[in-house]
Amino acid sequence: MTDIFSDILGHEHAREGLIHAIKNDRLHHALLFSGPSGIGKSMIARSMIQAMLCENSTREQLQKCMKCRNCHRIASNIHPDVIEIDEPTATIKIETIRDLQKKLIYPPYEAARRFVIIQDVHKMQDAAANCLLKTLEEPEPHTTFILITSQIQRLLPTIVSRCQLVRFAPFSMDEISQFLVRRGMTEDDADQISALSGGSIGTALELSSSEYEKEVTSTFEEMLSPSSSLDAFLTASGLKGKKSMAEHLLTLMLMFVRDMLVLKTDPNHPIILKHYRPQMMSRLSRTTEKDLQRAAGIIQEVHESFQGNVNELVAWERLMIGLHGVIF
Ligand SMILES: [Zn+2]
C-alpha cells in the first residue's frame, strides 16, 4: 500500500489541501488544477482518484494498493467511472461537452462517485465553456470534475469562479536538480538541465534523455568563444536556423551573466552554472557590473524579439555583437 501522493514530488500545499478535503468528505465538486505543464498535475489527479476508489483502502486511510482492479484500471485509463477528455486538437468543441453531459445523465457504473478529468480545459471554445458552465452550476452529487490547465488566463472567469482552484507552482531549480541527481545524473549536468527546465520535471526529463541538451550545450559553448567582432558575426550566422533553441540558449546566457554578477560581488557565492565558473572568473576582471547589467538587458531584449516576428539573423547578430567585449 502506498500513501495517496507519496510517490509524487513536491506540491505539498496542494496535496495537503486535497487530502484534508477528501478525509473530511468536503471535496469540491469541481477542482481546477492550474500550473505550468509537466509538473505533475495529471499524476496528482490520477493518484487522488486511485486512493479514493482503491478496493483495499478507506477514505480515512487514503492509500492506493496498485494491485486491485480499480487501481489497475485507473492507471491504464479504462475505469468506466473515470472519464477523461484529452483532445489532440487545438480546441475543445461544444459537441465534446454535449457528449460528456449525455454520459452524466446516468449514475456511475460501479463506483459511488464518478470523476471527469478535462485536460487543457483552456482549449474550450466559448460555446463549449458556456455549455460546461451549466453542468458546473448544477452539480449532481455523484460527479467530481478535475479541470486541468496551464493557461488559466484563457478560461472564462465564470468557469474559474465555479471551481475550487488548486494551484501548482513550478519546482525550484534545486528540487529538479536533486531529482535528476537521484536518477543518476552528475551534479553539473543536473544543474544545467534544471536551469533550462523552467521548473518543469517533464521538460527536465525530456532534456536529459535527448541529444537536444548536448546540442544546446555545444552551441552555447560556441557562443562563448568568439575572439573578435568578426568572429561574433560569424557565430551569429552559424546560429541562423537554431531559432527553436533560442529560448534555452538565451536562458543559459542570461544565467551566465547573472552568475557573473553574483561572482563580482562575492567570488565564493554559490552560482547556478557551476560548471562554467572558470570561464566566468577569467572574464570577471575585464567587465564592470554596469557592462553585465547592459548585457542582461540585451539578452532580454533579444529574447523578447524572438517572441515576435523577428528576422532571425538580425536578432542573433544583435546578441553576439552586443555581448562582444562584455562577456566574450
Ligand atoms: Zn487498489
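Values in this text are rule-based calculations from the coordinates and carry no lab data. If you're wondering where the values come from, they're calculated on a predicted model, not measured in any experiment. FYI the Cβ positions are ideal-geometry reconstructions off the backbone, even for glycines, and counts take in every protein chain you see.
Can you give me the angle between helix 173-182 and the longest principal axis of the chain, using Cα atoms only, in degrees from 0 to 90, rounded to the nearest 10?
So the helix axis and the longest Cα principal axis differ by about 80 degrees.
Using +1 on the beta carbon of Lys and Arg, -1 on that of Asp and Glu, and nothing else charged, what's the dipole of region 190-279 about the Cα centre, debye to 20? Please report the intermediate quantities before stating the final value.
On the way: 8 positive and 11 negative charges, 42 e Å.
About 200 debye.
Calculate for the chain the 222 nm mean residue ellipticity that helices alone would give, adding -39,500 (n - 2.57) per DSSP H run of length 4 or more and normalising by residue count, nearest 500 deg cm²/dmol. Please list the in-between numbers first.
On the way: 15 runs with 172 residues, N = 328.
The helix contribution divided over the chain gives -16000 deg cm²/dmol.
Straight-line reach from LYS240: which aspartates and glutamates fall under 19 Å, measuring Cα to Cα and dropping same-chain residues less than 8 apart?
GLU213, GLU215, GLU221, GLU222, ASP231, GLU301, GLU304, GLU312, GLU317
Kindly put LEU313, LEU263, LEU319 in sequence by how many other C-beta atoms sit within 10 Å of each C-beta, fewest to most. Write down the numbers at each step before the final one.
On the way: LEU313 13, LEU263 18, LEU319 27.
Arranged by neighbour count, lowest to highest, LEU313, LEU263, LEU319 become LEU313, LEU263, LEU319.
Could you list LEU180, LEU27 so that the one with the fewest beta carbons within 10 Å of its beta carbon is first and the one with the most is last? Write down the numbers at each step before the final one.
Numbers: LEU180 24, LEU27 17.
The order, fewest Cβ neighbours first, is LEU27, LEU180.
Could you put ILE152, ILE327 in order, starting from the residue whose Cβ has the fewest other Cβ atoms within 10 Å? All intermediate terms of the calculation are to be shown ahead of the outcome.
Working: ILE152 17, ILE327 21.
The fewest-first ordering by Cβ neighbours comes to ILE152, ILE327.
Going down the list LYS41/LYS103; LYS41/LYS123; LYS102/LYS134; LYS41/LYS214; LYS41/LYS274, which pairs span over 20 Å between their C-alpha atoms?
Values: LYS41/LYS103 25 Å; LYS41/LYS123 17 Å; LYS102/LYS134 13 Å; LYS41/LYS214 28 Å; LYS41/LYS274 31 Å.
Too far apart for the 20 Å limit: LYS41/LYS103; LYS41/LYS214; LYS41/LYS274.
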